[in-house]
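Student: Dropping a structure here in structure tokens format, bear with me for questions.
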Amino acid sequence: MKKFDLIAFIYIISSMLFMGCDQIESPYSVTPPVSGGSNDSVAIRKVLVEDYTGHKCQGCPAAHEEANVLKSFFQDSIVVITIHAGYWTSYTTAPFTYNFTTTEGTAIYNALIPNTQPFPSGTINRKIYGSNRVVDYPNWGNKVAELLKDAPVAKISIVPGWNAATRVITADIKSTFLAGLSSDIGLSVLFTEDSIVEWQAFPVPTGNVSNYVHRHVLRGSLNGTWGNVIATNPAQNSEFPINLQSNAIAADIKPEHVSVVAILFDNATREVIQVEEKKLLP
């Protein structure tokens, strides 16, 4: 059995056990499939999981939990971004008065998710499956395992910087192509914040929870929603460095919980070809 076929099988069985029990401390008792990252000497294929959500969406915590399970299992092989956008993100009625929305998140949601799609919704590498890009959260793990079978075609290194006086994030990004590609390649550099404690709606009987921990939350970008086209038909072993900086970030964002996320994608299809994540502070 191939390595990632075995990984997919283990993931499916583990998920079944996890969902079928009221409580289980560790659903996975196997070595994670890969470790390290594209910042290391050996490049690995990474997959972007985007969880479209809202703090007033009662069904969304189930998808958050699935994302957390996947991150625990696949570790550095996946990057999770939680995007608050759409109907369930309104923040004008107590107790849901915190604004999780971003210009970038709304634009990504409007471009990639049908406006009739119920929440929770998700995309895996922004890839089209069937008629659209939406993948229901119980199927996220299977799609991730499938994509991880592919060899990486690029790697990304990130050297982040933080100016505490100006509250500006900087990042030196280098994209290296491990294979030649025939398309325009875009680079989008976003930043997320983890461990934001705020309100979240749950189904009855739980109801609204005041101290819910929101994870991997999209907070902004360093070069706009869709970033920059950095290469046209890049050749194998070609490198493309770029230096970026954010505007001053909001006062309530905690830099110790921030990560910089660099996304390489086909500019025509929006499909992600590689993603990398690096914590802002050591």
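None of the figures in this text is laboratory data; all of them are computed from the coordinates on show. These numbers come from a predicted model, not from an experiment. In this analysis, Cβ positions are derived from the backbone assuming ideal geometry, glycine residues included, and neighbour counts consider all displayed protein chains.
Student: Suppose each label sits 7 Å from its Cα in the direction of the beta carbon; what would the residue 210-residue 129 distance come out to in nanometres?
Tutor: Once both label points are built, they end up 3.9 nm from each other.
Student: Can you find, among 250, 110, 121, the residue farthest towards the positive end of the dipole of the chain? Put +1 on the C-beta of Lys and Arg, -1 on that of Asp and Glu.
Tutor: It is 110, whose Cα lies furthest towards the positive end.
Student: What is the extension gain from residue 136 to residue 115, computed as 0.36 nm multiplied by their sequence separation minus the C-alpha to C-alpha distance, in nm to one decimal?
Tutor: Details: separation 21, 0.36 × 21 = 7.56 nm, distance 1.54 nm.
Once the chain is fully extended between residue 136 and residue 115, it gains 6.0 nm.
Student: Please give, to one decimal in nm, the separation of the simple spin-label points placed at residue 93 and residue 68, each 7 Å out from Cα toward the Cβ.
Tutor: 2.6
Student: Could you pull out the pairs from 56/149; 143/278; 149/254 whose alpha carbons sit more than 28 Å apart here?
Tutor: Numbers: 56/149 36 Å; 143/278 23 Å; 149/254 36 Å.
Long pairs (Cα-Cα over 28 Å): 56/149; 149/254.
Student: Right, next: For an R0 of 25 angstrom, estimate the FRET efficiency from the Cβ-Cβ distance between residue 146 and residue 202 and round to the nearest 0.05. Intermediate values should be presented prior to the final figure.
Tutor: Values: r = 31 Å, r/R0 = 1.25.
In this case the efficiency is close to 0.20.
Student: If you don't mind, another one. Kindly list the residues of region 235-252 that lie in the label zone of residue 172, defined by a backbone N under 15 Å from the point 7 Å along the Cα-to-C-beta vector.
Tutor: Residues passing the 15 Å test: 240-245.
Student: State the extension gain, in nm to one decimal, for the chain segment bounded by residue 254 and residue 225, taking 0.36 nm per residue of separation less the distance between their alpha-carbons. Numbers along the way, then the final one.
Tutor: On the way: separation 29, 0.36 × 29 = 10.44 nm, distance 2.16 nm.
Extra length available between residue 254 and residue 225 comes to 8.3 nm.
Student: Can you tell me the order of 46-53, 123-130 when each peptide is scored by its average per-residue count of other Cβ atoms within 10 angstrom, highest first? Kindly include the intermediate steps, with their values, before the conclusion.
Tutor: Values: 46-53: 26.4, 123-130: 17.6.
Listed from highest to lowest mean packing, they are 46-53, 123-130.
Student: For every other residue with a beta carbon closer than 13 angstrom to the beta carbon of residue 233, add +1 if it is Lys or Arg and -1 if Asp or Glu, then tell me the sum.
Tutor: Working: positive: none; negative: 184, 266.
Taking every other residue near residue 233 into account, the sum is -2.
Student: Also, quick follow-up: What is the calculated FRET efficiency for residue 182 to residue 75, with r their C-beta to C-beta distance and R₀ = 25 Å, to the nearest 0.05?
Tutor: For R0 = 25 Å, the calculated efficiency reads 0.20.
Student: Okay, next question. Determine, for each peptide in 257-267, 165-175, 243-253, the mean count of other beta carbons within 10 angstrom over its residues, then list the peptides with the highest first. Don't skip to the end; give the middle numbers.
Tutor: Working: 257-267: 22.1, 165-175: 17.4, 243-253: 13.9.
The packing order, highest mean first, is 257-267, 165-175, 243-253.
Student: Restricting to Cα atoms and excluding each atom paired with itself, what does the Kirkwood estimate give for the chain in Å?
Tutor: Numbers: mean 1/r = 0.0515 Å⁻¹.
Hydrodynamic radius (Kirkwood, Cα pairs) of the chain is 19.4 Å.
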